[in-house]
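Engineer: Quick one: this structure, given as structure tokens, is what I'll be asking you about.
The values are calculated or read from the model by the stated rules, or taken from the named source; none is laboratory data. Note that the structure is predicted; figures quoted are calculated from it, not measured. As a convention, Cβ positions derive from the backbone with ideal geometry for all residues, glycine included, and neighbour counts pool all protein chains shown.
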Amino acid sequence: MTAAALPETAPSPRGGRGRPRAGAIDALVGRRVRERRLALGLTVQEVAAVLGVPYQQLHKYETGANRLSAGRLFLLAEALGVEVGHFFGGDEEVAAPTGQRRMLLDLARNFARIPDRQQREAVARLARTLAGLEADGEDGPAAP
């Protein structure tokens, strides 16, 4: 997508000192994030958990109230199974998630729902063992 195809936006106004406020492009990106999340059947809480932010923050991103940093936008694109450019696109068809990406989202969603900490740690150890990381001594941090 070219810069000419993006909606006309003025530079984000500043409310005095600090960061610029969210503008029209931030609202477009937020709308596309929400469309993709709904297409995958994910809740705000599920996607927020994958990103490591409170669900209220993801809601602010989706409504365009807050701006997304480049790094957070990249993580969000990965979590939703699209390229970063998808969030700046027009009305093209929303791409279906790949089987592996769907399983990854399902795993993250279900892992977050395990109430017992010891059970979460056991699942994390199992995943490391199956990935062949236990034998290498890469025991990583304990699961929350």
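Engineer: Just name the residue that is surrounded by the fewest Cβ atoms within 10 Å (Cβ to Cβ) out of those in region 108-119 that are among the charged types (D, E, K, R) and more than 26 Å from Ala77 (Cβ to Cβ).
Structural biologist: Initial filter on region 108-119 (among the charged types (D, E, K, R)): 109, 113, 116-117.
From what's left, more than 26 Å from Ala77 (Cβ to Cβ): 116-117.
Working: Asp116: 8, Arg117: 11.
Here the residue is Asp116.
Engineer: Do we find a residue being among the charged types (D, E, K, R), touching a residue at least 40 places away in the same chain (Cβ under 8 Å) and in a loop (DSSP other than H, G, I, E, B) anywhere in region 38-58?
Structural biologist: The initial filter retains those residues of region 38-58 that are among the charged types (D, E, K, R), namely 46.
Within this subset, residues satisfying the condition of being touching a residue at least 40 places away in the same chain (Cβ under 8 Å) are 46.
The next check asks that each one be in a loop (DSSP other than H, G, I, E, B); those that pass are none.
The answer is no; no qualifying residue exists.
Engineer: Looking only at region 70-107, count how many residues are modelled with pLDDT under 80, surrounded by 15 or more Cβ atoms within 10 Å (Cβ to Cβ) and either in a helix (DSSP H, G or I) or of a type in the set (Lys, Arg) (or both).
Structural biologist: 3
Engineer: Considering region 108-144 alone, what residues qualify as being among the small types (Gly, Ala, Ser), modelled with pLDDT under 90 and on the phi < 0 side of the Ramachandran plot?
Structural biologist: Taking region 108-144 as the starting set, the residues that turn out to be among the small types (Gly, Ala, Ser) are 108, 112, 122, 124, 127, 131-132, 135, 137, 140, 142-143.
Retained after the next criterion (residues that are modelled with pLDDT under 90): 108, 112, 124, 127, 131-132, 135, 137, 140, 142-143.
Matches in region 108-144: Ala108, Ala112, Ala124, Ala127, Ala131, Ala135, Ala142, Ala143.
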